[in-house]
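Reading through the structure tokens given below for one structure.
The values are calculated or read from the model by the stated rules, or taken from the named source; none is laboratory data. Note that this is a predicted model, so its numbers are computed, not measured. Here the Cβ positions follow ideal geometry from the backbone for every residue, glycine too, while neighbour counts run over all protein chains shown.
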Amino acid sequence: MNIIEYADRELLAMGLANVLAGSLKNALLGNDFVSFAVPGGTTPGPIFDMLSATELDWDRVHVLLSDERWVPESDEQSNARLVRAHLLTGPAGAARFIPYYREGMSPAEGCAAVNPTLDDELPLSLLLLGMGGDMHTASLFPGAKGLDAALASDAPTLCPIEPDGEVSRVTLSAPALRDAMEKHLVIYGDDKRAALEKAGDLSPEEAPIAAVWDDLEVHWAA
Ligand SMILES: O=C1O[C@H](COP(=O)(O)O)[C@@H](O)[C@H](O)[C@H]1O
């Protein structure tokens, strides 16, 4: 794991958007299309805003979510809603988005419907992850119902998961995340940095970020 420190969050957003744009362009050189998985939550909006303005062959980029709350896009908690508002605009509006939520289906039924459509997206060409202070990444939450299944080496690509006291979710599994060709993690603040450092002494069940951090490039600002 390599940690890159930025002077502030704005510089991080600019720097990381540049890194991601360069990685997408490189990956597009050797492939008909590339798969780019992105997080939701409160952190990535400004990074998406900057990246979306970059000129590249977005029509050959497939955008996926690292995880999703099992809510329709009309719900403010929807990660797809965030991605549509901040990433799939301007030049990046030409990208192909692969949403997960299926109206009228349970998360497990939704995963069964979505999983066959993800086969061609693996291994992910480029992955951006976020992390919570509890060391969850994507929706691999410590103690969640479904965590063991999503951490298993033979886990399906997209798995249902029920974090304690939270809306039901779906998440890319640990193997799908771990096997990405290039992986970045963005975190802000001393608390998350301390949590990340602590995760090295813990199991993936206790600190799910530890399941995916081989070759992870970490982008941090206070
Ligand atoms: O629930 C989620 O949390 C993580 C971290 O979110 P943040 O708000 O602390 O940045 C995020 O990466 C994940 O995609 C999201 O669904």
Give the range 203-218 a look and list any residue that's within 14 Å of LYS183 (Cβ to Cβ) and either loosely packed, with under 14 Cβ neighbours inside 10 Å or among the hydrophobic types (A, V, I, L, M, F, W, C) (or both), or say none. ILE209, ALA210, ALA211, VAL212, TRP213, ASP214, ASP215, LEU216, VAL218
Okay, strands (runs of 3 or more DSSP E) sitting entirely in the range 7-126 with 2 or more residues that are among the hydrophobic types (A, V, I, L, M, F, W, C), I get 34-38, 61-65
Note down all Cβ pairs under 7 Å where the first residue falls in the range 24-50 and is within 18 Å of ASP179 (Cβ to Cβ), the second is of a type outside the set (A, V, I, L, M, F, W, C) and surrounded by fewer than 17 Cβ atoms within 10 Å (Cβ to Cβ), and they're at least six residues apart or on different chains. PHE33/ARG60; VAL34/ARG60
At pLDDT below 95, under 21 Å from PRO99 (Cα atoms) and surrounded by fewer than 18 Cβ atoms within 10 Å (Cβ to Cβ): which single residue out of GLU162, GLU166 fits that description? GLU166
Does at least one position in the range 125-134 carry a residue that is within 13 Å of the ligand (Cβ to nearest atom) and charged (D, E, K, R)? yes
All-but-one check, ARG193 against (1) within 20 Å of ALA108 (Cβ to Cβ); (2) surrounded by 14 or more Cβ atoms within 10 Å (Cβ to Cβ), failing number (1)
Unmet requirement for PRO39, which otherwise passes all of (1) within 16 Å of the ligand (Cβ to nearest atom); (2) over 23 Å from ALA13 (Cα atoms); (3) touching a helix residue (DSSP H, G or I) at 6+ places or on another chain (Cβ under 8 Å): (2)
Give the number of residues within the range 89-114 that are within 18 Å of LEU128 (Cβ to Cβ) and either of a type in the set (Val, Ile, Thr) or within 16 Å of the ligand (Cβ to nearest atom) (or both). 5
Any hit, the range 96-105, residues being loosely packed, with under 15 Cβ neighbours inside 10 Å, under 25 Å from LEU16 (Cβ atoms) and within 17 Å of the chain's Cα centre (by Cα): yes
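In the list GLU205, GLU166, GLU197, GLU217, which residue meets the criterion of being of a type in the set (Asp, Glu) and assigned to a strand (DSSP E or B)?
GLU217
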What is the number of the single condition among (1) within 20 Å of PRO163 (Cβ to Cβ); (2) touching a strand residue (DSSP E or B) at 6+ places or on another chain (Cβ under 9 Å) that PHE48 does not meet? (1)
Quick check on VAL63: is it among the aliphatic types (A, V, I, L, M), under 23 Å from ALA180 (Cα atoms), within 16 Å of the ligand (Cβ to nearest atom) and in contact with a Lys or Arg (Cβ under 8 Å, 6 or more places away or on another chain)? yes
Cβ-Cβ under 7 Å pairs, at least 6 apart or on other chains, the range 164-186 side within 23 Å of ILE47 (Cβ to Cβ) and hydroxyl-bearing (Ser, Thr, Tyr), far side part of a strand (DSSP E or B) and more than 10 Å from the ligand (Cβ to nearest atom): THR171/CYS159; THR171/ILE161
Just a yes or no: is a residue in the range 3-13 touching a residue at least 12 places away in the same chain (Cβ under 8 Å) and closer than 22 Å to ALA150 by Cβ? no
